[in-house]
Amino acid sequence: MSRTAKTNPRARVLGAELRQLREAAGLGVRELGRRLGVGHTTIWRYESGVKPPSPEDTASLLTALGVTGAEKERIVKMARTVRDLNWLTSGIPGVREELATLIEFERAATRITEVQVLVFPGMLQTREYMRAVMATLPPEMIETRVAFRLSRREVLDKEGGPQLVALIAEAALRERIGGPDVMADQLRYLLKMSRRDNVTIQILPSGATSWHPAHAGSFIVFEFDDQRPIVHLEHFRTSVFLRNLKDVNDYCQAADSLRRSAMSPKASRERITQYLEAVEGELS
């Protein structure tokens, strides 16, 4: 948690979108800066989220990039609310802004700690398990969402990628989402990923006799080199990104507490293996 920069969820995703549009237009930061009459460091600050552009500057930048119509209106609207610390979105989880934000945070994070209660973390899911989890979505949306989630796993393969700490409640191992075949493949994949140097999987055992933070639900903590952590919460139709210092500190402490009370990585692999053998027994 070294340096702290005055960035927030909306600033980072706005910057990511501006960078993607600039790259799609085939322009470097210096060329775009010349077109706008500003230094290239100003463009860098916009794109990194350190100094988000005003709505007026955003409109000028989009014009220089040839972005018009509804797309331009959407991004300028984002710029108007970019300084909101906590960002709440309602509707079906996975709207474009939220997904773009998750990609940006996963790409920039040094460590991702994900607490999951009844399902496995998205970055550790198999293709068929993803489909089963998304079964209530309209059919035409499922394959797009699955492809997108699969692409998010690639961040774990890149050099200098984040450390992933997955704290998974034992209840998720017992669920048969997708049926025994899907679950068996999912548990095998979980064991495979647990042996990677940048992935730590710990199981929160069932049978707790006292309350712990996972009883309140799932959450993700993103940690960065250049700013304070950010927390992501997602529920049935609502998700929120938290940057408020007290809120985030509470979630960081909760994650640390859960790591201490969870099973060790070795014991967790043994527990996962037990469930895998039970599911394979159903299939034989």
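Here are the numbers for the structure shown:
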quantity: Cβ pairs under 8 Å, 6+ apart, first in the range 216-242 and within 18 Å of Phe120 (Cα to Cα) and modelled with pLDDT under 90, second polar (S, T, N, Q) and in a loop (DSSP other than H, G, I, E, B); calculated: Glu234/Ser218
quantity: Any pair with Cβ under 9 angstrom, 6 or more apart, that starts in the range 198-210 at a residue that is on the phi < 0 side of the Ramachandran plot and surrounded by 15 or more Cβ atoms within 10 Å (Cβ to Cβ) and ends at one that is hydroxyl-bearing (Ser, Thr, Tyr) and assigned to a loop (DSSP other than H, G, I, E, B); calculated: Gln202/Ser264
quantity: Complete set of residues in the range 213-246 that are loosely packed, with under 15 Cβ neighbours inside 10 Å and not small (Gly, Ala, Ser); calculated: His215, Asp225, Asp226, His235, Phe236, Arg237, Thr238, Asn244, Leu245, Lys246
quantity: Tyr251 being over 30 Å from Thr81 (Cα atoms), in contact with a helix residue (DSSP H, G or I) (Cβ under 9 Å, 6 or more places away or on another chain), aromatic (Phe, Trp, Tyr) and at pLDDT 95 or above; calculated: no
quantity: Residue check for Ala262: out of contact with any Cys (no Cβ under 9 Å at 6 or more places or on another chain), of a type in the set (A, V, I, L, M) and surrounded by 16 or more Cβ atoms within 10 Å (Cβ to Cβ); calculated: yes
quantity: Search result, residues across the range 68-82 that are within 13 Å of Ser54 (Cβ to Cβ), assigned to a helix (DSSP H, G or I) and of a type in the set (A, V, I, L, M); calculated: Ile75, Val76, Met78, Ala79
quantity: Condition check for Ala166: within 21 Å of the chain's Cα centre (by Cα) and at pLDDT 95 or above; calculated: yes
quantity: Test for Ala169: is it among the small types (Gly, Ala, Ser), touching a strand residue (DSSP E or B) at 6+ places or on another chain (Cβ under 7 Å), touching a residue at least 60 places away in the same chain (Cβ under 8 Å) and buried (at least 22 other Cβ atoms within 10 Å of the Cβ); calculated: no
quantity: Qualifying residue in the range 126-134 (condition: assigned to a loop (DSSP other than H, G, I, E, B) and over 26 Å from Lys266 (Cβ atoms)); calculated: yes
quantity: The range 86-111, subset among the aliphatic types (A, V, I, L, M) and at pLDDT below 65, residue nearest to Pro229 (Cα to Cα); calculated: Leu88
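Each row is one residue, and each column tells you yes or no for (1) modelled with pLDDT under 90; (2) part of a helix (DSSP H, G or I); (3) surrounded by 13 or more Cβ atoms within 10 Å (Cβ to Cβ).
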residue: Arg10; (1), (2), (3): yes, yes, yes
residue: Val13; (1), (2), (3): yes, yes, yes
residue: Ala16; (1), (2), (3): yes, yes, yes
residue: Leu32; (1), (2), (3): no, yes, yes
residue: Pro52; (1), (2), (3): no, no, yes
residue: Asp57; (1), (2), (3): no, yes, yes
residue: Leu61; (1), (2), (3): no, yes, yes
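The values are calculated or read from the model by the stated rules, or taken from the named source; none is laboratory data. Not measured: the values here are computed from a predicted model. No Cβ is skipped: glycine too gets one built from the backbone with ideal geometry, and neighbour counts run over all protein chains shown.
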